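Visitor: A single structure is presented below for examination.
The values are calculated or read from the model by the stated rules, or taken from the named source; none is laboratory data. All of these numbers come straight from a predicted model, not from anything done at the bench. All Cβ positions, glycine included, derive from the backbone under ideal geometry; neighbour counts span all protein chains shown.
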Amino acid sequence: MKNILFIIPHPDDEIVGSCLMIRNFLISGKRIVIFFLTNGVLSKESMWPWKKKKYEQLLTLRKKEMTESVNFLGVDDFLFQNIPTRTLKDKISETYFKIKKTIISKQIDTIFCPTYEGGHQDHDVANFICSRLKKFCKVFEFSEYNFFGNKINSNVFIKKTENQKCIVLSENDKLYKSEGLKLYNSEKGNLGYISLNQECYRPLENYDYSKPPHKGVLFYRRFSFFSYHPRVDGDRPELVCDKLIKSKIY
C-alpha cells in the first residue's frame, strides 16, 4: 500500500466509515486520493416544491463541507463527480471508467470502498463497481452502517470474518472523529446513529449482487412506509440489484 484511493459515495462517508483509517495511513506516509462519487444532495426533481429553489444553496453548502472535511483530514488530492445521491446506479459504466482512469493516472495500488450492507443504495453500487476493479489493484471494504437484525449497527460488518481488521478508537480518536462529523452540519440529523467505537475493514468479499445484502429490511428502506417523503429512499433493493447485474462491466 503506497498510493491508496478511497471511493466515497457521498461527502460525509469519508468521516463515517474511514476517518481514522485515512488519518493513520497519512501518518504512516501513504499517499491518499479520495473520489467522491456523488454530491450527496437529492436531485431537484426529488425535493419538495418549496425546497427546489434552495437546491443550489444546498449543493454549495455540501461542497463547502466536503472541502472542509478533506482539509481536516489532511488530504490534498480528491475528485468530485457532481451527480445527485441515489443516481449512481444509473451511472455505473461511466463511474467505473472514471475510477479505472484514476487508477492508471495516479498509479493507485489499493482501493478502499464501503461494504455491501444496505446502508445506502449508493454505497452498495460503489461496492459493486469496485469489485470489478480487483484485476487492477487490491480492493478493501469498510463498514459504515446497516440494519441487519432489525437494529442499527454502526461500523461493524454483517458477518464477521477472520481477515477483518478493526481500529478501536481511543478517547482522543473519538474526539477527532466527532469533530469530523460536526463538519457536516447539513447532515447532523442523519449522523446521530454513528458510534465512535471502532472502524473496520477487510479485503472485499465476493458478493452475490443479484440479491440484497441481507434478509429483512435494509437500512435505507426502514422508513419505506413514508415513501412519499423526499428524505426516504423509494427505490426497492431489487431494482438496485437489477441495475447491478445488468450493467456492462466485468
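Visitor: If I filter segment 71-97 down to residues being in contact with a Leu (Cβ under 8 Å, 6 or more places away or on another chain) and of a type in the set (K, R), which single residue comes out as modelled with the highest pLDDT?
Guide: K89
Visitor: Now for a different question. Can you name every residue in segment 168-178 that is assigned to a helix (DSSP H, G or I) and either more than 19 Å from the chain's Cα centre (by Cα) or of a type in the set (K, R) (or both)?
Guide: Correct list: E171, N172, D173, K174, L175, Y176, K177.
Visitor: Please go through segment 170-195 and pick out each residue that is over 19 Å from F219 (Cα atoms) and in contact (Cβ under 8 Å) with a residue 24 or more places away in the chain.
Guide: D173, Y176, K177, E179, G180, L181, L183, Y184, N185, S186
Visitor: Now a separate question. Could you list, in sequence order, the residues of segment 113-154 that are at negative phi, among the polar types (S, T, N, Q) and part of a helix (DSSP H, G or I)?
Guide: Once the filter is applied, which keeps residues that are at negative phi, among the polar types (S, T, N, Q) and part of a helix (DSSP H, G or I), segment 113-154 yields Q121, N127, S131.
Visitor: Is segment 139-146 home to any residue that is surrounded by fewer than 19 Cβ atoms within 10 Å (Cβ to Cβ) and not hydroxyl-bearing (S, T, Y)?
Guide: Scanning segment 139-146 turns up no residue that is surrounded by fewer than 19 Cβ atoms within 10 Å (Cβ to Cβ) and not hydroxyl-bearing (S, T, Y).
Visitor: Something else now. Taking the condition of a type outside the set (F, W, Y), touching a residue at least 12 places away in the same chain (Cβ under 8 Å), closer than 26 Å to L175 by Cα and surrounded by fewer than 18 Cβ atoms within 10 Å (Cβ to Cβ), does K30 pass? Spell out how you get there, then give the answer.
Guide: Working: of a type outside the set (F, W, Y): yes; touching a residue at least 12 places away in the same chain (Cβ under 8 Å): yes; closer than 26 Å to L175 by Cα: yes; surrounded by fewer than 18 Cβ atoms within 10 Å (Cβ to Cβ): yes.
Yes: the conditions hold for K30.
Visitor: Let me ask you something else. Taking only segment 33-71 into account, find how many residues are surrounded by 15 or more Cβ atoms within 10 Å (Cβ to Cβ), farther than 18 Å from K2 by Cα and hydrophobic (A, V, I, L, M, F, W, C).
Guide: 10
Visitor: D124 passes all but one of (1) surrounded by fewer than 17 Cβ atoms within 10 Å (Cβ to Cβ); (2) farther than 25 Å from K2 by Cβ; which number fails?
Guide: The failed condition is (1).
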